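Engineer: My questions all concern the structure below.
None of the figures in this text is laboratory data; all of them are computed from the coordinates on show. Note that this is a predicted model, so its numbers are computed, not measured. A quick note on method: Cβ atoms are made from the backbone with ideal geometry, for glycine too, and the neighbour counts reach across all protein chains shown.
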Amino acid sequence: MSRFKNEVAHLQEHVRTLRLAGAALLFLAMLLAVGWWSAPRDLTIHVPPDLRSGSVRRWWDVPPESVYAFTLYIFQQLHRWPANGDDDYARNIRALSAYLTPACKSFLEQDYTLKRDSGELHQRVRGIYEIPGRGYADAPEFRVQTLSAREWIVTLDVSADEFYSGEQVKRALVRYPIKVVRLDVDPEKNPYGLALDCFARPPERIEKVDAAAKPAAPHGALPSLPGASR
């Protein structure tokens, strides 16, 4: 009789062990589920545009090529006035506010007010484009200066064209040194995680363009920083 009792006790002990093991597995599965649920659903990885050669980077690293492409794209959109500078400039500042630091947004709003009150925006159509031979590929070390893992200075050489009533009233060749910072605060509105912090130094007018020459030292400063509309 004692043999049967021992066997029953052994089976009961085995059942308890299985129950404990099952509870441990359930607890582990819950931990894994919580970790999987809290993991980011989207991950931004910056890949250099030139894919002719391989590239090994940390996922959080932002290469200078991406910083330059971001800066040129946002800056072009900011200064694209397709119909009327009075309306377009203010609308662009609002629409691109997620890609601007608060200080830069305030600076541009003040610039808009100054230009509007002086009549520099009324019925103005404007667009800017990169000067051929003055892009990132032509002088990468000059175009993007890395200050830290979160700060850069991007130098854009662009041509700014303005029209009034269908007539071209201005074509200015300008060098813009723009500060860019990392700003991972709102991935829904700014998936790049970068923002313009306006000008690192006053913009400079380019007196002569030579596509074959290396970038020269900038010349005289512009009288009006963002647009040089005067």
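Engineer: What is the order of Thr17, Thr155, fewest Cβ neighbours within 10 Å to most?
Structural biologist: Listed from fewest to most nearby Cβ atoms, that is Thr17, Thr155.
Engineer: Given a Förster distance of 22 angstrom, what is the FRET efficiency for Arg171 paired with Glu130, based on the Cβ-Cβ distance and rounded to 0.05?
Structural biologist: Working: r = 14 Å, r/R0 = 0.65.
Efficiency at R0 = 22 Å is approximately 0.95.
Engineer: Taking the Cα centroid of the stretch 150-204 and of the stretch 71-133, what is the distance between the two, rounded to the nearest whole Å?
Structural biologist: 9
Engineer: Stretched out fully, how many nm does the piece from Asn6 to Ser106 gain, at 0.36 nm a residue minus the Cα gap? Spell out each step's value before the answer.
Structural biologist: Numbers: separation 100, 0.36 × 100 = 36.00 nm, distance 8.28 nm.
My answer for the length gained is 27.7 nm.
Engineer: By per-residue mean of other Cβ atoms within 10 Å, what is the highest-first order of 108-119, 27-38, 64-75, 196-207?
Structural biologist: In decreasing order of mean packing, 108-119, 27-38, 64-75, 196-207 become 64-75, 196-207, 108-119, 27-38.
Engineer: In units of 2.2 N^0.38 Å, what is the alpha-carbon radius of gyration of the stretch 64-205? Could you put the intermediate results ahead of the total?
Structural biologist: Details: Rg = 15.1 Å, N = 142, 2.2 N^0.38 = 14.5 Å.
Its radius of gyration relative to the 2.2 N^0.38 Å reference: 1.04.
Engineer: Let's test the formula: R0 of 35 Å, r as the Cβ-Cβ distance of Glu207 and Arg94. What FRET efficiency results, to the nearest 0.05? List each step's numbers first, then the result.
Structural biologist: Values: r = 35 Å, r/R0 = 0.99.
Computed FRET efficiency for Glu207 and Arg94 comes out at 0.50.
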